[in-house]
Amino acid sequence: MMRYLIVVLFFLSACSDAVKTLPSSTGILSEVIFVVDDQLWENQIKDVAFKTFGVPIQGLTQNESTFRVIQVNHSEFKSILTTHKNIVIIAKNVPNSNQQDKWANGQLVVQLGFKDEDNKLNNDLNKIKSIFEFREIRILRNSISKSSQKIEEKNIKEHFNIETLIPSEYTIIKDTASLFWATYNPEKQEQIKHLFVFSFEPKSINLQQEVLQKTDSIFTKYLLGAKQGQHVKIEDMFSPIYSENTYRGLWKLDGGFMGGPFFLKTYFINKKIVVTVGLIFAPDERKRKYIKTFEAIL
């Protein structure tokens, strides 16, 4: 019996060590490595991959893709590439599968069997993209929640009955039953972020227009420029893009030269519309990471 226990303990220890020896995943969440033979990639997959994973993020002035697409063939797929966070392997005559932590911790590897059928590849890649998008938001939310401001989040839950995250770097300006406002405005850095949560009882038939009007009034009232008469407003030259209770658009400083994107999400709760919105000013940076963070916390 003792010998049996020693064997079992040795086996469990070996399994535990095997798990521990997996390296941490490399790369960034905004990248996806496609492992595909060069000829198959160029002739049948490349254009579809860029039209799905490489599609531009809506609501930005500059072209920023949803994911950065990187292709390597099977012979090039070795060393550090095998530990990348996001991997899609496409080949003929292989089964469809997906596996977490296949070669590294914090990794997702999806394998897709290629079939030359109308729209099948497009549909398959759109489904896979949705998986990676959902995964990225979940990872961001889990990471931010480890150090987020729990008291303020509890207050928002009590006042508006929604689950939000307030990252630790934000300073709370207003935390009431009618309005929550937090800002991040570091010294010696050309970057400003704002978060708002508020609610209203809808009165208009055109709900989308009313949401934008209420948001615009919040911007105008609270986000003022350095000079008299300057205030932030929604940029009316570019109509915000609406999809599934979210709005993606641009803001500008009226009477000034500042501007940037905003991300807005609404909830219908107890006959009220609850609005959560984040906006960013970072003129020298790409905006994808900020928009994805807003998606994760709002």
- Message: I'd like to check one number: the per residue accessible area of the chain, probe 1.4 Å, reported in Å² as a whole number.
- Response: 57
- Message: Quick check for me: using +1 on Lys/Arg Cβ and -1 on Asp/Glu Cβ, what's the dipole size of the chain about its Cα centre, in debye to the nearest 20?
- Response: 660
- By how many degrees, between 0 and 90 and to the nearest 10, does the Cα long axis of helix 207-222 differ from the longest principal axis of the chain? 70
- Over all directions, average the projected area of the Cα convex hull of the stretch 134-217 and note it in nm². 7.4
- Message: What is the angle, in °, between the Cα long axis of helix 120-145 and the longest principal axis of the Cα atoms in the chain? Nearest 10 is fine, range 0 to 90.
- Response: 70
- Query: Just going by the charge dipole of the chain, with Lys and Arg at +1 and Asp and Glu at -1 on Cβ, which of G225, I80, G255 is farthest out on the positive end?
  - Reply: G225
- Query: Per the Kirkwood treatment, what hydrodynamic radius in Å, one decimal, follows for the stretch 58-216 from the mean inverse distance over all distinct Cα pairs?
  - Reply: 20.0
- Between N119 and K92, what length comes free when the chain is fully extended (0.36 nm per residue of separation minus the Cα-Cα distance, one decimal in nm)? 8.1 nm
- Could you name the lysines in cross-link range of K129, using Cα to Cα under 24 Å and dropping any fewer than eight places away on the same chain? K46, K51, K78, K85, K92, K102, K115, K120, K265, K287, K289, K292
- Add -39500 (n - 2.57) for each DSSP H run of 4 or more in the chain, then divide by its residues: what number comes out at 222 nm, to the nearest 500 deg cm²/dmol? -10000 deg cm²/dmol
- Query: For the Cα atoms of the chain, what angle does the longest principal axis make with the long axis of helix 2-20, in degrees from 0 to 90, nearest 10?
  - Reply: 50
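Percent of accessible area on the chain owned by carbon and sulfur, 1.4 Å probe?
53
The values are calculated or read from the model by the stated rules, or taken from the named source; none is laboratory data. Owing to the predicted nature of the structure, the values given are computational and were not obtained by experimental measurement. Cβ: placed from backbone, ideal geometry, glycine included. Neighbour counts: every protein chain shown. Calculation scope for accessible area: heavy atoms of the full protein, side chains included, ligands and nucleic acids excluded. Shrake-Rupley method; radii C 1.70, N 1.55, O 1.52, S 1.80 Å.
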